[in-house]
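Asks: My questions all concern the structure below.
The values are calculated or read from the model by the stated rules, or taken from the named source; none is laboratory data. Owing to the predicted nature of the structure, the values given are computational and were not obtained by experimental measurement. Here Cβ is always computed from backbone atoms with ideal geometry, including for glycine, and neighbour counts include all displayed protein chains. These area figures cover heavy atoms from the full protein model, side chains too; ligands, DNA and RNA do not enter into them. Shrake-Rupley method; radii C 1.70, N 1.55, O 1.52, S 1.80 Å.
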Amino acid sequence: MLQSKLFTKTQQTAPKDELSKNAILLQKAGYIEKLMSGVYSYLYLGWRVHKNIENIIREEMDAINGQEILMPALQPKNIWDKTGRWEKLSEIMYQFKDRSDHLVGLATTHEEIITEIVKQHIKSYKDLPRYIYQIQGKFRDEPRAKSGLIRGREFFMKDLYSFHANEEDLDIYYKKVIESYKKIFSRCGLDVLIIEASGGTFTKKFSHEFMVLSSAGEDRVIYCDKCFFAQNKEISKNQPSKPCPSCNNPLKEDKGIEVGNVFKLGTKFSQQQDALYVDKDGKKKPIIMASYGIGLGRLMGTIVEIHHDANGIIWNEEVAPFKYHLLSLGNNDNTVKLAKKVYTTCQEQGIEILYDDRDISSGQKLQDADLLGIPTRLVIGNKTGGKIELKKRSESKTKLVTIDQL
Ligand code: ATP
Ligand code: MG
């Protein structure tokens, strides 16, 4: 991609109405643009990052036998009435009448809808277990949408649902999903704590949250930095600086961002919605369920909160919009010739490269490169003497290489 052709521009100053680092940096760099509180457009570079995150999640979901589907955001009230959640979620759910006077809502989540679908297809213990997921847009009228991509009112979620004939089978898969989530977050360059949490709107127990420690977080986490003990402060009976219940090391308290969660739903939905299967003994039983969520925008925002410095974003290779950022400094003929050669060679080999060929100052190019945060910068200028200066965005040291070495 030639940067001179990119429709987005970087901004020198931070947007006035933003408090969070992710919203400020992503908008300055032209990755996203705010439409209203909690609602953002993903621009060319931002959508590339979002798609990379989506691909990581899809690969890991497929690896644990998830079958991908797509459910509608627009949903009728009657299905939500079966579980009483039309009323219960009425503050956070966008609900309105269509032209025929029918009440409809925009999806905050999809337990009700997936349960209706699944009961048409899963009839016998022979049809279990099954794992179904989607990557889809959710709407929530969040009361405090001030954290940029971390708390959107419209956002993409990966929601996976699993269906089982017995608890043991659910336990096995639940653990598999936890392992899969660890891979997803590690591929996104994030360290997570897996914490015991309350079940929120679904259940009083059996839920885990994946937390990234960050001052931008809205949750409080009590954790041990010597072992794996971690709890959401909401439910924890432990206090910071008191001994860890599993290893005695003093506990800590910090803010955390919940990037994902896993819930054992049990038979709550299947009972209320009559999702029954015939078991080996010929008896009808409610299907045992679990749901597993990850917010894609929240994940992207969290990566920026964790990986940035005073000059801009620092993407890792897997999520970056491009792998290489090529800058030609000055308009000396040889410099431009070499830069074009590097660019076309990369293009031919399918290597993702953004080439800053704009007619602007070297200082501005270098500053924009730091702001955009592409993992490897390649500079060709009068001072690189026919070679290419290679620098990782995350490091300060540089290295001169020839085009063949590169
Ligand atoms: P929170 O407590 O932060 O509001 P939640 O418990 O409501 O989260 P779930 O309903 O379980 O979250 O949603 C699953 C996942 O979707 C969360 O773990 C998070 O990654 C993401 N998510 C939830 N709400 C939002 C939001 N408003 N904007 C972006 N992502 C979100
Ligand atoms: Mg919520």
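Conditions tested, residue by residue: (1) buried (at least 18 other Cβ atoms within 10 Å of the Cβ); (2) among the hydroxyl-bearing types (Ser, Thr, Tyr).
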position: 2; (1), (2): no, no
position: 9; (1), (2): no, no
position: 17; (1), (2): no, no
position: 27; (1), (2): yes, no
position: 37; (1), (2): no, yes
position: 41; (1), (2): no, yes
position: 44; (1), (2): no, yes
position: 49; (1), (2): yes, no
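Asks: Restricting attention to region 72-92, does a residue exist that is free of Cβ contacts under 8 Å to residues at least 40 places away in the same chain and within 16 Å of ligand 2 (Cβ to nearest atom)?
Replies: Yes, region 72-92 has at least one match.
Asks: Further, regarding this structure: Can you name the condition, by its number, that residue 103 falls short on among (1) of a type in the set (A, V, I, L, M, F, W, C); (2) crowded, with 16+ Cβ neighbours inside 10 Å; (3) farther than 20 Å from residue 284 by Cα?
Replies: Among (1) of a type in the set (A, V, I, L, M, F, W, C); (2) crowded, with 16+ Cβ neighbours inside 10 Å; (3) farther than 20 Å from residue 284 by Cα, the lone unmet condition for residue 103 is (2).
Asks: Among the residues that make up region 113-127, is at least one of them open to solvent by less than 60 Å² (accessible area, probe 1.4 Å) and within 16 Å of ligand 2 (Cβ to nearest atom)? Give the derivation first.
Replies: Narrowing region 113-127 to residues open to solvent by less than 60 Å² (accessible area, probe 1.4 Å): 113-116, 118-119, 122, 124, 127.
Pick out the ones that are also within 16 Å of ligand 2 (Cβ to nearest atom) and you get none.
The answer is no; no qualifying residue exists.
Asks: Please determine whether any residue of region 320-331 is farther than 23 Å from residue 7 by Cβ, without any contact (Cβ under 8 Å) to a residue 40 or more places away in the chain and over 24 Å from the mean Cα position of the chain (by Cα).
Replies: Taking region 320-331 first, the residues farther than 23 Å from residue 7 by Cβ are 329-331.
Next, from what is left, pick out any that are without any contact (Cβ under 8 Å) to a residue 40 or more places away in the chain: 331.
Filter once more, so that each one left must be over 24 Å from the mean Cα position of the chain (by Cα): 331.
Within region 320-331, one or more residues are farther than 23 Å from residue 7 by Cβ, without any contact (Cβ under 8 Å) to a residue 40 or more places away in the chain and over 24 Å from the mean Cα position of the chain (by Cα).
Asks: Also: So residue 112 clears everything in (1) away from ligand 1 (no atom under 16 Å from the Cβ); (2) of a type in the set (Asp, Glu); (3) in contact (Cβ under 8 Å) with a residue 12 or more places away in the chain except one condition, right? Which one?
Replies: That leaves (1) as the condition not met.
Asks: In region 190-197, is there at least one residue being over 30 Å from residue 41 (Cβ atoms), touching an Asp or Glu at 6+ places or on another chain (Cβ under 6 Å) and either within 16 Å of ligand 2 (Cβ to nearest atom) or part of a strand (DSSP E or B) (or both)?
Replies: yes
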